[in-house]
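K.L.:
Starting off with a structure, shown below.
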Amino acid sequence: MSTGSPVVLTIHGEPASLKNSRQLVMIRGKPAFIKSAKARRYAEDFYKQCPRLTPLLEGDLSIEITIYYASRRPDLDPSGILDCLQGRVIENDRQIKEMHLYHGLDKADPRAEIQVQKKAPSSEGATRNKTHHQAEISLMRDSLSKPKREGNGNS
């Protein structure tokens, strides 16, 4: 559930997964992990394609991301995209309270289609979801506790 007009972006290029793409380097004689060259290149390309919003989106946010990869090989990982959104569209990726993530395939045009918007206050949604889940559990209990009827094969 969200409010306000969404910010819609299409960023061309294939994002690098940050999960497995850190590089170990020595900085002033101490080991440190940094983003891979592919992840740094993607960030540079992202910044060229993404305008800086003024003001940045504030508060709790909802995001929908469809990442179209050139192949099935990469993990579905939005972390690089979320990092790049910080300071350009959102203040901090901790603002994301609802996320919908999809994997697409487009060998000719790998890209990320992103939609970010303010999330509606969660108190009514949390109550509704809790009530919905309680009703689901109650129905499951009822169906499990009912004795099975043996009959003539008609259901």
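The values are calculated or read from the model by the stated rules, or taken from the named source; none is laboratory data. Small disclaimer: the values here were computed from a predicted structure and weren't measured. Ideal geometry is used to build each Cβ from the backbone, glycine not excepted, and the neighbour counts take in all protein chains shown.
K.L.:
Just to verify a result, which residue in region 54-91, among those that are within 21 Å of Arg41 (Cα to Cα) and polar (S, T, N, Q), is modelled with the lowest pLDDT?
P.N.:
Only one residue tops the list, namely Ser79.
K.L.:
Testing Gly104 on (1) in contact with a Ser or Thr (Cβ under 8 Å, 6 or more places away or on another chain); (2) modelled with pLDDT of 95 or more; (3) within 19 Å of Gln117 (Cβ to Cβ), one condition comes back false. Which one is that?
P.N.:
(3)
K.L.:
Would you confirm, using the coordinates I've provided, whether Val25 is closer than 21 Å to Lys118 by Cα and part of a strand (DSSP E or B)?
P.N.:
Details: closer than 21 Å to Lys118 by Cα: no; part of a strand (DSSP E or B): yes.
So Val25 does not fit the description; no.
K.L.:
What number of residues in region 7-30 are at pLDDT 80 or above, surrounded by fewer than 16 Cβ atoms within 10 Å (Cβ to Cβ), touching a strand residue (DSSP E or B) at 6+ places or on another chain (Cβ under 8 Å) and not aliphatic (A, V, I, L, M)?
P.N.:
2
K.L.:
Counting only residues that are loosely packed, with under 15 Cβ neighbours inside 10 Å, within 25 Å of Gln117 (Cα to Cα) and not basic (Lys, Arg), how many does region 50-74 have?
P.N.:
Within region 50-74, residues that are loosely packed, with under 15 Cβ neighbours inside 10 Å, within 25 Å of Gln117 (Cα to Cα) and not basic (Lys, Arg) number 6.
K.L.:
May I ask you to verify whether Glu98 is in contact (Cβ under 8 Å) with a residue 60 or more places away in the chain, touching a strand residue (DSSP E or B) at 6+ places or on another chain (Cβ under 6 Å), outside any loop (DSSP other than H, G, I, E, B) and farther than 18 Å from Lys35 by Cβ? First the steps, then the outcome.
P.N.:
Details: in contact (Cβ under 8 Å) with a residue 60 or more places away in the chain: yes; touching a strand residue (DSSP E or B) at 6+ places or on another chain (Cβ under 6 Å): yes; outside any loop (DSSP other than H, G, I, E, B): yes; farther than 18 Å from Lys35 by Cβ: yes.
It is true that Glu98 is in contact (Cβ under 8 Å) with a residue 60 or more places away in the chain, touching a strand residue (DSSP E or B) at 6+ places or on another chain (Cβ under 6 Å), outside any loop (DSSP other than H, G, I, E, B) and farther than 18 Å from Lys35 by Cβ.
K.L.:
Looking at region 46-86 only, could you name the residues that are among the polar types (S, T, N, Q), in contact (Cβ under 8 Å) with a residue 60 or more places away in the chain and either assigned to a loop (DSSP other than H, G, I, E, B) or over 22 Å from Lys107 (Cα atoms) (or both)? Steps first, please.
P.N.:
Let us first name the residues in region 46-86 that are among the polar types (S, T, N, Q), namely 49, 54, 62, 66, 71, 79, 86.
After this cut, where a residue has to be in contact (Cβ under 8 Å) with a residue 60 or more places away in the chain as well, the list is 62, 79.
Hit for region 46-86 is Ser62, nothing else.
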